[in-house]
1. Tell me, what is the FRET efficiency for LYS183 and GLU144 to the nearest 0.05, using R0 = 22 angstrom and their Cβ-Cβ distance as r?
2. How large is the dipole of the chain about the Cα centre if only Lys and Arg carry +1 and Asp and Glu carry -1, each at its Cβ, rounded to the nearest 20 debye?
3. In whole Å, what is the distance between the alpha-carbon centres of the range 248-276 and the range 115-147?
4. List the residues of the range 85-125 whose backbone N lies under 16 Å from a point placed 7 Å from the Cα of LYS154 along the Cα-to-Cβ direction.
5. For the chain, report the accessible area per residue in Å² (1.4 Å probe, heavy atoms, rounded to an integer).
6. Quick one: which residues, 5 or more positions from LYS154 or on another chain, have an amide H under 5 Å from its amide H? H modelled 1.01 Å from N in the peptide plane, none for Pro or chain starts.
7. With unit charges on the beta carbon (Lys/Arg positive, Asp/Glu negative), name the residue among SER204, VAL91, VAL116 whose Cα is farthest towards the positive pole of the charge dipole of the chain.
8. Work out the FRET efficiency for THR190 and ALA240 from their Cβ-Cβ distance, taking R0 = 41 Å, and round it to the nearest 0.05.
Amino acid sequence: MEVILAEYLGFCYGVKRAIKIARENASDEQGGACTLGPIIHNPQMVERLKEEGVGTVDALEEMERGTIIIRSHGVGPQIYEAAEQKGLRLVDATCPHVRKAQLSSKALADEGYKVVIIGEKKHPEVQSIFEWSAHTASIVESVEEAEALEPCAKLGIVSQTTFSGARFKEIVLRLLDKSREVKIDRTICTATDQRQAAAMDLASKVDLMLVIGGKNSANTTRLAQLCAERCRTYHIETAAELQDQWFDKIEKIGITAGASTPDWIIKEVYKQCQKK
Ligand code: SF4
């Protein structure tokens, strides 16, 4: 059986950077350094960081002192102010690409554009981009929602960094009719495009795709959806989920992984597949 890894897979630049920053700020004191929300959508990595002295809190209220680390998804401006008021040391690991989307959202709102964020409403990164628009943006994740938007004088569009390039284009086409002045900042990062293109390419050449990553990871789930349109696909978090019957009569297996999937988990799945 042949096992092929996608050309681009696993940790992206922003996630690697955030984990490095978190590690550099680890603390021996319990609760001394915490990320606001899980550092990445991967429970195994979150657990490993906890052992290394970086915990997780869900809200600033849970911290009395110490270091609060902002993860790659970023946060709204009110968190920076609240951390300062509480006297917490804030370490910002917001991915620079996310930062760009946040600043674009702010600039468009300041310039009087009706801001539209193309992305998933519940995703923390989208929430942070929304907060930088002074809570004025509309969040659109489907063509139907784009069509339902009211026309306006000036429309400014930004994107969730991990949004599918193809869907972004489809939605933008519907939004072009909503205003005479439309400004588009395509803030999709290349890591997402590369991983999606490589996954689709591989999925069309193999009998089975394994997509590795947290079940709560939006970009991993999207990779799994794209692969499932091309061949039989399983979304797994670790090698422990592999089942022997999946590999019956399979000659070629493809492996990809979301931007928040650690290398050691990818290697373990790869090794296990080679034994099948
Ligand atoms: S997917 Fe792109 S924008 Fe998101 S953290 Fe990674 S590098 Fe940054």
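1. That pair, LYS183 with GLU144, gives E of 0.45.
2. 640 debye
3. The range 248-276 and the range 115-147 have Cα centres spaced 34 Å from each other.
4. Within reach of a label on LYS154, which here means backbone N under 16 Å from a point 7 Å along Cα→Cβ, the range 85-125 contributes 104-116.
5. In whole numbers, the chain has 48 Å² accessible per residue.
6. Under 5 Å from the amide H of LYS154 lie the amide H atoms of LYS114, each far enough along the sequence or on another chain.
7. About the Cα centre, the residue reaching furthest to the positive side is SER204.
8. Result of the calculation: an efficiency of 0.80.
The values are calculated or read from the model by the stated rules, or taken from the named source; none is laboratory data. These figures come from a predicted structure and were not determined experimentally. Every residue, glycine among them, receives a Cβ derived from its backbone with ideal geometry; neighbour counts consider all protein chains shown. What goes into the accessible areas is simple: the full protein's heavy atoms, side chains included, and nothing from ligands, DNA or RNA. Shrake-Rupley method; radii C 1.70, N 1.55, O 1.52, S 1.80 Å.
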